[in-house]
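Each reported figure results from applying straightforward, stated rules to the coordinates on display, with no laboratory input. Quick caveat: nothing in here was measured; it's all calculated off a predicted structure. As a convention, Cβ positions derive from the backbone with ideal geometry for all residues, glycine included, and neighbour counts pool all protein chains shown.
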Amino acid sequence: MGEKPLKILACGDVEGNINAVFNRVRTVQKKSGQFDLLLCVGNFFGSSPEAQAEWQEYKSGAKKAPIHTYILGAASQETTRFFPSADGCELADNITYLGRRGVFSGASGLQIAYVSGREGRLDPTPAHCFSPEDLHQLVEPLINNNQFRGVDILLTSQWPRGVWQYANSPEVNTKLCGTSSISQLAYKLKPRYHFAAVEGVHYERRPYRNHVVLQENTQHVSRFIALATVNNPEKRKYLYAFNIIPMKSMESSELVKQPQDVTENPYRKMVGENTLSDPTVQEPASQFFFDLGKKQRGGGRGRKRPSDGDGQNQGQPWDPDRQSQRPPFDLDGPKQPRRPPQPSGPCWFCLASPQVEKHLVISIGTHCYLALAKGSLTPQHVLVLPIGHYQSVVELSSEVVKELDRYKMAVRTFYKSKGQRCVLFERNYHSQHLQIQAVPVPEDKCTTEDIKEAFMLQAQDQNMQLMEIPEHTDLEQIAPPGTPYFYVELDSGEKLFYRIQRNFPLQFGREVLASESVLNIPERADWRGCKQTPEEEESLSKQLRDDFQPYDFALED
C-alpha cells in the first residue's frame with residue numbers, strides 16, 4: 001500500500017535506570033534513525049535514593065527524554081507514589097503515564113491496549129494492581145464492536161500464564177510464572193505484539209494463530225515478547241525494536257500472512273472454548289470389508305494377543321470364538337489398558353465382533369490391525385483399523401495412535417518396495433468405526449502432484465473446497481471429536497482436509513483414485529462392482545499376507 005511503518009522501541013523494567021535506557025535509545029537512534037515511540041512495561045521507577053535523584057532531573061526539566069515515552073503504572077507498592085492518580089497523565093517532558101488500563105490510539109491509527117500493575121487478589125484492589133473489573137472495562141467495548149479484529153499492541157507487566165505452550169520454553173519457573181487473567185485478555189484482544197516484563201528474563205515466543213485452521217477465517221498472528229531489566233548483569237535483552245503498520249491501514253491479505261514457524265494458540269484450551277460438533281450417523285457395514293449378510297469364514301492370524309478392548313485372556317492364544325466368555329473386568333489379573341468406548345449395537349469393524357470376515361485380516365497388532373478391503377480398488381488396497389471401537393482418528397488414545405502410525409509407515413514402506421506411492425484417506429461421515437484406506441498407486445502412473453490435483457479438481461467439481469493442512473498441525477487441532485470430515489494423506493506428507501457439511505459423496509476417495517488421471521480404472525470406482533467370491537478373497541488375502549510379512553512389525557513384537 002505504500003503506508004510508512006512506525007518505528008517503535010519496547011523496554012522491560014527500567015527500575016529507575018532512566019539515564020541508562022535513554023542513553024541506549026540515543027545509541028540506537030544514531031545508528032538506525034529516529035524512532036516514533038518508546039513503550040515501557042514493568043516497573044519504570046526505582047525506590048533507591050539514586051533512582052529518585054535521577055528521576056528528579058527529568059521531572060524538573062533539567063533533562064529530557066530523547067523520544068516520546070509511554071509507561072505503565074506501578075507494579076510494586078513502593079513505586080505507587082510516583083503516580084499522582086490512576087488516570088493517565090504527563091509525568092515529565094516526553095514521558096507519559098498511560099493509566100491503570102485503557103486503549104491508546106495515535107494519529108496514525110495505531111491501537112495500543114494496556115493494563116498496569118499486577119493481578120489484584122485483595123478487596124479493595126491495591127493501587128499497584130488491576131482488578132477483574134479493570135479487565136472487563138477494557139475488553140468489552142472493543143470486542144462488542146463488530147469491526148474489531150484485534151489490537152496492534154498489548155502492554156502488560158505480568159506474563160500470560162501458559163504462553164509457552166506449543167513453543168520454546170522460557171528461563172522461568174513455569175509453575176509460578178504468569179496469570180491466567182492476562183492469558184484470557186490476550187486471547188480476547190488478539191494483539192499483534194504483546195510485551196511484558198517483571199520476570200527479569202528475555203523471552204521471544206514463536207508467533208501463534210488467532211484462528212482455528214480450516215474452521216475459521218485466517219486471522220493475523222500474535223507475537224509475545226518478554227523483556228529483561230535494564231542494566232541486568234547477565235546482559236539479557238531489555239530493548240526491542242520493530243516496525244509496524246497499523247492494522248487499520250493494512251490490506252487483509254497482507255495482515256493475515258502466516259509465518260512458517262507459527263503455532264497453535266496457547267490460550268485456547270485454558271479459555272475452554274467449546275467447538276464440538278454433533279456426532280454423525282452410522283453407515284451400513286457392507287460399505288467396507290465386513291458384510292453383515294455373510295457367514296464368517298476361516299481364521300485370522302492368531303499369533304498375537306490383542307489388548308485394546310478386545311476381550312482376550314492374558315497369556316492365551318487369540319481365539320475369536322471365545323470373545324463373549326470373558327468377564328468385562330479381571331480383578332485378579334494385572335491392570336489392563338484403558339478400554340475404548342463400547343459400541344451401542346453390533347459393530348462390524350470391532351475385531352471381537354462375530355460378524356468379522358476374518359479371512360480378510362492381514363496383520364494383528366496390539367491396538368490395531370490390517371485387512372484387505374472388500375471390493376478393493378487394487379489387489380493391495382488395505383484398511384488400517386483400531387481393534388477397539390473408535391469412530392475417528394481424533395478420538396484415539398495415544399497408544400492406539402502410536403501403533404496406527406506404525407502400520408501406516410509399514411504399508412508405505414511395503415508399497416514403496418514395489419514402486420508404488422501410498423495414498424491414505426479417512427471419511428468420518430456416515431460411519432461408526434474408524435477405517436483408514438490405504439491405496440497403492442504405481443509411480444509410473446502419475447506423480448504425487450497429479451494425485452493432489454485430482455483430489456482438488458474433483459472436489460471443486462462437486463462444490464467442495466479441500467484445504468491443505470499446515471505442516472505442524474495435527475488433525476485433532478482442526479477437527480474436534482464428532483466433527484464430520486474427509487482427510488487425505490499423500491506420500492509426500494502433504495495432508496488435505498474437508499469439513500463435511502452435507503450430502504458428501506460416500507465413494508469420493510475411490511472415485512478420485514479410480515479416475516483416468518490416477519489409476520485409470522473408473523469401472524472400479526464403486527466397491528459394489530468389485531465384489532469377489534469368498535474363495536477369491538481368501539486367495540488374495542493369503543498372497544498379501546505373505547508379501548507383507550517382511551514389513552509386519554507385529555510378528556516381531
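Assorted remarks:
- Computed packing ranks the peptides 432-442, 249-259 as 432-442, 249-259, most packed first, by mean other Cβ atoms within 10 Å.
- For the peptides 501-511, 201-211, the ranking by packing is 201-211, 501-511, with the highest mean count of neighbouring Cβ atoms within 10 Å listed first.
- Each part gets one Cα centre, and for the stretch 157-189 versus the stretch 1-65 those centres are 26 Å apart.
- Cα point-scatterer Debye curve for the stretch 345-478, base-10 log of I(q)/I(0) at q = 0.15, 0.16, 0.18 Å⁻¹: -0.83, -0.95, -1.18
- Taking amide hydrogens as placed 1.01 Å from N in the peptide plane, the amide H of residue 369 sits under 5 Å from those of 385, 387, each at least 5 positions away in sequence or on another chain.
- Label-zone membership for the stretch 377-412, site residue 476, 7 angstrom Cα→C-beta point, backbone N under 18 Å: 385-408
- Considering the stretch 158-265, its Cα convex hull presents a mean projected area of 7.6 nm².
- Peptides 488-499, 28-39 ranked from most to least packed by the mean count of surrounding Cβ atoms within 10 Å: 488-499, 28-39.
- Relative contact order of the stretch 1-68, pairs being alpha-carbon contacts under 8 Å that are 6 or more residues apart, as %: 42
- Set against the 2.2 N^0.38 Å expectation for a compact globular protein, the stretch 431-557 has a Cα radius of gyration ratio of 1.20.
- Simple Cβ-charge dipole of the stretch 505-557, Lys/Arg +1 and Asp/Glu -1, about Cα centre, in debye nearest 20: 280
- The residue 536 and residue 260 beta-carbon pair, evaluated with R₀ = 60 Å, returns a calculated FRET efficiency of approximately 0.75.
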